[in-house]
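Below is one structure; the comments refer to it alone.
The values are calculated or read from the model by the stated rules, or taken from the named source; none is laboratory data. Computed from a predicted model, the values in this text were never measured in an experiment. Cβ placement follows ideal geometry from the backbone for every residue including glycine, while neighbour counts extend to all protein chains displayed. Note: areas computed on protein heavy atoms with side chains; ligands, DNA, RNA excluded. Shrake-Rupley method; radii C 1.70, N 1.55, O 1.52, S 1.80 Å.
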Amino acid sequence: MNASDPCATVDLVFPVTGRFLPRDHAQSLKEALCEAWPWLKDEPLAAVHTIKLVTGAEPLAMLSGRAKLMVRLSRERAQALLSCAPIDLTVAGHALRLAAPHLHELVPHTTLYAYRVAASDPDEVAFMQGMAAELAGLGIAGERVCGKRQQLSLAHGKVTAFSLMLHGLAPAPSLHLQQQGLGPYRLQGCGIFIPHKSAAAV
C-alpha cells in the first residue's frame, strides 16, 4: 500500500463509563461486542484494543474517568457507527456504556508496539521465529524486540502472549502492519500495533 493514500482501516474511539472490569477481560469484551454487533466476528481485519485500567495487582480493576474503547474497523463500518446511540454492554458481569465515538486515523510510524501478540508456543525463541516468518510473509522488515510473557484467558483456555516492538519501519510497511496485525485473536486484543515513541525496553 502507498503511505500517502487514505487508510482503508481506522480506529473508532468510544469514551467508556463504568466502575470496574476484570484485568483479564478480553474474551468477555469480545463476546459483549459481538452480541451488540453480530457482524463483528466476520469483519475482515477488525480488532479490539485493550482497555487501559487503573494500575494495580488485584484481579478486579477500576475504570478511570478517561477510559476509552478503541475498535479497529474498515472505514465504511466505522463511518456507519459514528452516529450510533450510546451502547450498553455487560462485560463479565460489569456494566459499561459506550458514548458517541470519533475516528482516529492510522498513521505511519517508524516504531510500532503491540501490548500482546498470541503465541502458539510459550517459548520466547519459538515465538520470535514464528513472528519472523509471519512478518516475512507480509513483506515487512525492521528490528524486533520481544517483551514480557503474559497469560490470557480465552474461551478454550489459557493462551500465552508476548508484547512485541518493531522499529526501523518505512511508512508503507508501518501502515500495512497496523492494518494486518500479527497472529490470531485480534478481537481479544492480540496482535494490534500502535505507534510508540521509542524503541526502549518493551
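General remarks:
- Where the stretch 83-202 is the region considered: accessible area per residue in Å², 1.4 Å probe: 47 Å²
- Net charge dipole size for the chain [Lys, Arg +1 and Asp, Glu -1 on Cβ; Debye, nearest 20]: 500 debye
- Ordered by 1.4 Å accessible area with all protein chains kept, 97, 72, 186, 77 run largest first as 97, 77, 186, 72.
- When a 1.4 Å probe is rolled over the protein heavy atoms, the share of accessible surface on the chain that falls to carbon and sulfur comes to 56 percent.
- Per-q log10 I(q)/I(0), the chain, q = 0.09, 0.11, 0.12, 0.14 Å⁻¹ (Debye; single scatterer per alpha-carbon; no solvent): -0.33, -0.50, -0.60, -0.84
- Calculated from the alpha-carbon coordinates, the stretch 30-145 shows an Rg and a Dmax of 17.1, 46 Å respectively.
- The residues neighbouring residue 129, those whose beta-carbon lies less than 15 Å from its own, together hold a net charge of -3 under the Lys/Arg +1, Asp/Glu -1 convention.
- 222 nm mean residue ellipticity, helices alone, for the chain (DSSP H n ≥ 4; -39,500 (n - 2.57); rounded to 500): -6500 deg cm²/dmol
- Counting only whole DSSP H helices of the chain, the ones at least 18 Å long by C-alpha along their axis and with mean Kyte-Doolittle hydropathy no lower than -0.5 are 124-138.
- Sequence-distant lysines (8 or more away, or on other chains) whose Cα lies within less than 16 Å of residue 41: 30
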